Amino acid sequence: MSGEAELTGVAGWAVNLMETLGGPGAGVAIAGENLFPPIPSEVILPLAGFTASKGSFTLAEALFWTTAGSVVGAYALYLLGVLLGRDRLRAIWDRLPLVKMSDLDKTEAWFAKHGKKTVFLGRMIPIFRSLISIPAGIERMPPLIFGVLTLAGSLIWNTIFVLAGYYLGENWERVEPYADGFQKIVIVVVLIAICWWVVHRVREQARARSQEV
């Protein structure tokens, strides 16, 4: 890609929004990504960095507004979970285009097993980034804890891709191939953590049984 003139589709829409609204436009774009998962943050975030590198707003503003947008979008879905409940939300989700009920099923199962950890780590996993807010709302996770975990996870994810887009400039699209690798690393780390937890729990139970004997 040789420049901004060639940007079309989601990328062109995002850059136009950011150039029109400045930093808040980056926040709106990322809030939209949270509310409608098929919009890829792996495209929006590097574009926010790219737009900042052109002087439309500062790098600090790009980081602030994208993270604010992530938190606002997450709270919107959290609130839907609180107000509508599981059955009605699933009925609505089933009617949305480009999304799968199986994605929501997997997210609910992860949240049921791992609770708070999924809110933090889920911000760095595709689809889960958005969907994890719904079971958190349904289960009435304390709003402050939800917000802190969302902020922490989103800040890490956003910073990596905004910085990459900022320093790559018009070559921002080179970030996208590395997104899959980074996400796979996060998933592997999560799986290792789960395995460690299972082994630790089994050992604790074995020790408890041996002491009873």
> Taking interchain pairs and intrachain pairs at least six residues apart, which have beta carbon atoms under 6 angstrom, with the first residue in the stretch 94-115 and at pLDDT below 75 and the second in a helix (DSSP H, G or I)?
Replying inline: LEU104/TRP93; LEU104/LEU131; THR107/PHE128; THR107/LEU131; GLU108/PRO135; TRP110/THR118; PHE111/THR118; PHE111/PRO135
> With respect to TRP13, is the statement that it is part of a helix (DSSP H, G or I), within 30 Å of PRO142 (Cα to Cα) and over 14 Å from the mean Cα position of the chain (by Cα) true?
Replying inline: no
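So for the stretch 56-63 (the condition being surrounded by fewer than 22 Cβ atoms within 10 Å (Cβ to Cβ), at pLDDT below 90 and over 19 Å from the mean Cα position of the chain (by Cα)), does at least one residue qualify?
yes
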> Failed condition for SER70, given (1) over 13 Å from the mean Cα position of the chain (by Cα); (2) in a helix (DSSP H, G or I); (3) not acidic (Asp, Glu), with all others met?
Replying inline: (1)
>> Given the condition hydrophobic (A, V, I, L, M, F, W, C), under 14 Å from the mean Cα position of the chain (by Cα) and in a helix (DSSP H, G or I), answer yes or no: does some residue in the stretch 110-119 qualify?
In response: yes
> Which is buried (at least 21 other Cβ atoms within 10 Å of the Cβ) and assigned to a helix (DSSP H, G or I), of LEU104, LEU89, LEU47, LEU84?
Replying inline: LEU47
>> ALA152 - would you say it is buried (at least 23 other Cβ atoms within 10 Å of the Cβ) and either not aliphatic (A, V, I, L, M) or not in a loop (DSSP other than H, G, I, E, B) (or both)?
In response: no
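The values are calculated or read from the model by the stated rules, or taken from the named source; none is laboratory data. All of these numbers come straight from a predicted model, not from anything done at the bench. Note that we place each Cβ from the backbone using ideal geometry, even for glycine, and neighbour counts take in every protein chain shown.
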